[in-house]
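Visitor: My questions all concern the structure below.
Bear in mind that the values in this text are calculations on the coordinates, not laboratory data. Not measured: the values here are computed from a predicted model. Methodologically, a virtual Cβ is constructed for each residue, glycine included, from the backbone with ideal geometry; neighbour enumeration extends over all protein chains shown.
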């Protein structure tokens with residue numbers, strides 16, 4: 001699998017880029033987010049995700065690791081293909097997608113062409129835990145210690161509270177105050193449940 005391609009830009013549009021390296025021109029699909037970061041560049045190192053199907057070999061390119069990670073998470077959801085994920089990354093920034101998934105904002109995801117309510121809900125359900133555990137950049141994930149949150153979550157679930165409701169409350173508590181002990185997190189969560 002190809003991880004990145006380093007070379008000279010021979011053509012760039014909002015939908016694709018052609019990079020020449022070693023005498024070969026690679027056609028790489030890109031999102032508007034990546035396009036905006038590449039304007040004015042002539043040489044670059046583009047991160048790549050390769051999609052191999054029976055009828056086609058396609059390359060999808062990304063200006064940074066965060067965007068590629070979100071793309072890979074999106075295509076792991078049933079019903080979301082590479083083209084749909086690229087459309088999402090053209091309509092919303094990676095941070096907006098992460099925030100909408102963690103905040104269960106199906107309406108924002110539905111605003112993307114080709115995403116209906118069921119697909120938006122499936123994306124949220126399938127990716128909320130995966131994105132919550134990633135220690136990515138951005139303030140959403142600036143939790144000092146996710147293990148304390150996870151310990152509090154398992155304790156509250158064992159007490160009989162619904163995991164989804166507990167998870168939302170804990171995310172809010174940990175976002176507001178990052179240096180709480182597990183006991184303090186549980187006490188605050190119990191007041192909000």
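Visitor: At a 10 Å Cβ-Cβ cut-off, how would you order 105, 55, fewest neighbours first? Walk me through the numbers before you get to the answer.
Guide: On the way: 105 16, 55 4.
By the 10 Å Cβ count, ascending: 55, 105.
Visitor: Let me ask another. Take the alpha carbon gyration tensor of the chain, find the square roots of its eigenvalues, order them as a ≥ b ≥ c, and report rounded if a/c is under 1.5; if not, report prolate when a/b exceeds b/c, else oblate. Could you put the intermediate results ahead of the total?
Guide: Numbers: a/c = 2.82, a/b = 2.16, b/c = 1.30.
Because a/c hits 1.5 or more and a/b exceeds b/c, the chain counts as prolate.
Visitor: For a quick check: sort 88, 1 by the number of other beta carbons within 10 angstrom, fewest at the front.
Guide: Numbers: 88 26, 1 6.
Final ranking by Cβ density, sparse to dense: 1, 88.
Visitor: How far is helix 65-75 tilted off the main Cα axis of the chain, in degrees rounded to 10, range 0 to 90?
Guide: With both axes taken from Cα atoms, the answer is about 80 degrees.
Visitor: Give me the number: length gained by fully extending residue 10 to residue 64, i.e. 0.36 nm times residue separation minus the C-alpha to C-alpha distance, one decimal in nm. Working shown, then result.
Guide: Values: separation 54, 0.36 × 54 = 19.44 nm, distance 2.00 nm.
Full-extension gain reported as 17.4 nm.
Visitor: For 60, 26, which order do you get if you count the other beta carbons within 10 Å of each Cβ and list the fewest first? Display every interim value, and only then the final one.
Guide: Working: 60 26, 26 18.
In order of increasing Cβ crowding within 10 Å: 26, 60.
Visitor: Can you tell me the orientation of helix 82-91 relative to the chain, as the angle in degrees between its alpha-carbon axis and the longest Cα principal axis, to the nearest 10?
Guide: Around 80 degrees separate the two axes.
Visitor: Still on this structure, please answer the following. Using a Förster distance of 22 Å, how high is the FRET efficiency between residue 55 and residue 3, based on the Cβ-Cβ distance and rounded to 0.05? Please list the in-between numbers first.
Guide: Details: r = 24 Å, r/R0 = 1.08.
The pair residue 55/residue 3 has a calculated efficiency of 0.40.
Visitor: To the nearest 10 degrees, how steep is helix 163-176 against the longest Cα principal axis of the chain, on a 0 to 90 scale?
Guide: Once rounded, the angle reads 80 degrees.
Visitor: Output the relative contact order of region 65-140, whole-number percent, from Cα pairs under 8 angstrom with separation of 6+ residues. Walk me through the numbers before you get to the answer.
Guide: On the way: 65 pairs, mean separation 24.9, N = 76.
Dividing the mean separation by the residue count of region 65-140 yields 33 percent.
Visitor: On to the next question. I need to check one value: relative contact order of the chain, counting alpha carbon pairs closer than 8 Å and at least 6 residues apart, in percent. Numbers along the way, then the final one.
Guide: Numbers: 258 pairs, mean separation 23.9, N = 193.
Relative CO of the chain lands at 12 percent.
Visitor: Which of 24, 182, 174 moves the most in a Gaussian network model of the chain with Cα springs under 10 Å?
Guide: For the chain, modelled as a Gaussian network with Cα springs under 10 Å, the answer is 24.
Visitor: Evaluate the distance, in nm, between pseudo-label points positioned 7 Å from the Cα of residue 147 and of residue 179 along their respective Cα→Cβ axes.
Guide: Label-label distance for residue 147 and residue 179, simple model: 1.9 nm.
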